[in-house]
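The values are calculated or read from the model by the stated rules, or taken from the named source; none is laboratory data. Please read all numbers here as calculations on a predicted model, not as lab measurements. Every residue, glycine as well, gets a Cβ built from its backbone with ideal geometry; the counts of neighbours run over all protein chains shown. Ligands, DNA and RNA are excluded from the accessible area calculation, which covers all protein heavy atoms including side chains. Shrake-Rupley method; radii C 1.70, N 1.55, O 1.52, S 1.80 Å.
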Amino acid sequence: MEQTQNTAKRGSFTGKIGFVLAAAGSAVGLGNIWRFPYLAAKYGGGIFLLVYVGLALTFGFALMLGEIALGRKTGKSAISAFSSINKRFSFVGWLASAVPLIILPYYSVIGGWVMKYIFGFAFGDGSNMATDAYFENYLGNVSEPLIWFFIFVLLTAVVVFFGVDKGVEKVSKVMMPVLIVSMIFIVVYALITLPGAWDGVLYYITPDFSKFSVMTVVAAMGQLFYSMSLAMGIMITFGSYMKKDIAIDKSIHQIEIFDTGVAFLAGLMIVPAVFAFSGGNEAALGKGPGLMFITLPKVFETMPGGDIIGAVFFLMVFLAAITSSISLMETIISILMDKTKLNRRISCIITFGVILLLGIPSSLGFNVWSEVKILGLQFLDLFDFISNSVMMPIVALLTCIFIGYFLKPKTLIEEARLKEESFTAKLFKVVIRYVAPVCLIIILVSSILDVFGVMKI
Ligand code: PHE
């Protein structure tokens, strides 16, 4: 019964390209443009890149295949997908579904910063924004970042409220190419004109093995989940919308190319620029969440017509962010609708309120609550840590155990129509059953020990 209702309500994507675009719309977002570059800068440049790409090709591929195939096989979203196969695993679905609830609030705070920057550039304030203290001063305001945050959540909620989230496919179709072209343009311009940028390129692409630590892997793995929208039930839901005749493995390759390509380009745009402006100074490289907002205005400032380029660029970042936040909110709302008898509109209003409340601490953590630190982290970093370094590895671990030992990889290999003796199928099996669980346990333990200061890694 539930199944038929679901399929009736669910609809599906318009075809292969529709699926890839919608999934890429969810995957490509602030994670690629804002989060990836600052992690790469902080965790040693080339070595981070190498670890990330290695993980994406093996671990990311296997987990995404597992999630999409699970969704398509069961035709259900996370919670029901797990419970329909084994009741005892329904808590994994719940746990996965809690992740968007932690991410969306602080994601929207950053979405608000992006909006501020669009308007800042559009109104010709670029040279002011390029000064060192601008970003910090801005965050020191109590009300302005809160207002932009509010608007970002409101826009997301309006799209979801009217159920026009199918429009994500259409927005992605235009946004992706423009985003990629503008990024390439900015990279080329920065590399040609900024003295010292090439040292930054070397830092970014040459792995320095002495900079390797367990934390490099922890950070890269957390980033991988985040960027590819894994370990939070989203790809299971996407899979449930996917038509049976579409090749899952090929679609994943395309999503990965998009997602990793945009992240790589964003790094290439930001890391060498940091070098050019700071001479590779460690403090500048380790700037953290503010890096994009501090470095890029300086790059735009050096360009003729920089204000317009800045406004267009941040507009693209905004579109990438909102297509992701729509998918985050859509997941929360579809669970609320599935599990209660509330309709779409009421669920949407409730979610809107909850996200607003939960996001406020992340914004105030930069001003009135800047003294409040939990585990040594301010609110935004704390939420980011809990979702990326604790919950997602736990969900990923349980998903691998579930697929590897209860559902059996063979079932999903068949769902994905892979030949059993093919390389992809073998990779999937080995990663899901052995490699991923072992790595995930090591990662979980070390990231927790690290934050409690028991062990410095
Ligand atoms: N993957 C998105 C990004 O890189 C973020 C996101 C996470 C979107 C989880 C949806 C779900 O920005």
* Using the reciprocal of the averaged 1/r over all distinct C-alpha pairs, how large is the Kirkwood radius of region 229-363 in Å? -> 18.4
* Structure fact -> For region 125-281, whose charge dipole is built from +1 on Lys and Arg Cβ atoms and -1 on Asp and Glu Cβ atoms, the candidate among N141, T216, G261 with its Cα farthest towards the positive end is G261
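Relative contact order of the chain, please, whole-number percent, based on alpha carbon pairs below 8 angstrom and at least 6 residues apart.
Numbers: 685 pairs, mean separation 150.7, N = 457.
Result for the chain is 33 percent.
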* First compute the accessible area of the chain with a 1.4 Å probe, then give the percent of it belonging to carbon and sulfur atoms. => 69
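Can you compute the charge dipole magnitude of the chain about its Cα centre, using +1 on each Lys and Arg Cβ and -1 on each Asp and Glu Cβ, nothing else charged? Give it in debye, rounded to the nearest 20. Can you show the working numbers first?
On the way: 33 positive and 27 negative charges, 369 e Å.
Its charge dipole is roughly 1780 debye.
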* With charges set only on the Cβ (+1 for Lys and Arg, -1 for Asp and Glu), what does the dipole of region 30-150 come to about its Cα centre, in debye to the nearest 20? -> 840
* In whole Hz, with x marking every Gly and Pro, tabulate ³J(HN,Hα) for region 412-422 from phi via Karplus 6.51 cos²θ - 1.76 cosθ + 1.60, θ = phi - 60°. => 7, 4, 5, 4, 7, 6, 9, 6, 4, 8, 5
* **Volume per residue that the Cα convex hull of region 165-289 spans, once the total is divided by residue count, Å³** => 146
* Structure fact -> As straight-line cross-link partners of K429, the qualifying aspartates and glutamates (C-alpha separation under 17 Å, not fewer than 8 residues apart within one chain) are E67, D249, E414, E415, E420, E421
* Pick out, from I355, G112, A197, the residue whose Cα sits farthest towards the positive end of the charge dipole of the chain, with +1 on the Cβ of Lys and Arg and -1 on the Cβ of Asp and Glu. => I355
* Asked: Under a Cβ-Cβ cut-off of 15 Å, what is the net charge of the residues other than E136 that fall near it, where Lys and Arg count +1 and Asp and Glu count -1?
  -> +1
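Normalized C-alpha radius of gyration of region 24-137, against 2.2 N^0.38 Å? If you can, show how the numbers build up before the last one.
Numbers: Rg = 19.4 Å, N = 114, 2.2 N^0.38 = 13.3 Å.
With N residues counted in region 24-137, Rg over 2.2 N^0.38 Å equals 1.46.
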* Asked: Looking at region 350-457, which chymotrypsin sites (Phe, Trp or Tyr not before Pro) are DSSP coil and have at most 10 other C-beta atoms within 10 Å of their C-beta?
  -> F452
* Asked: Alpha carbon centre of region 235-303 versus region 41-68: separation in Å?
  -> 13
* Rounded to the nearest 500 deg cm²/dmol, what is the calculated helix-only ellipticity per residue at 222 nm for the chain, with -39500 (n - 2.57) per DSSP H run of length n ≥ 4? -> -23000 deg cm²/dmol
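Within region 407-440, which trypsin sites (Lys or Arg not before Pro) sit in a loop by DSSP and count at most 16 neighbouring Cβ atoms inside 10 Å? Walk me through the intermediate numbers first.
Numbers: sites: K410, R417, K419, K426, K429, R433; in loops: R417, K419.
Sites meeting the loop and neighbour criteria: R417, K419.
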* Work out which GluC sites (Glu not before Pro) in the chain are exposed loop sites (DSSP not H, G, I, E or B, at most 10 other Cβ within 10 Å) and give the longest gap free of them. => 1-370
* Structure fact -> Computed over the chain, the distribution of all Cα-Cα distances in 20 Å bins, rounded to whole %, is 26, 60, 14, 0
* Structure fact -> In degrees, nearest 10, the alpha-carbon axis of helix 306-339 is tilted away from the dominant principal axis of the alpha carbons of the chain by 30
* Asked: What number comes out for the charge environment of S347, summing +1 per Lys or Arg and -1 per Asp or Glu over other residues with Cβ under 12 Å away?
  -> +2
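Counting heavy atoms of the protein chains only and a 1.4 Å probe, report the per residue accessible area for region 94-143 as a whole number of Å².
36
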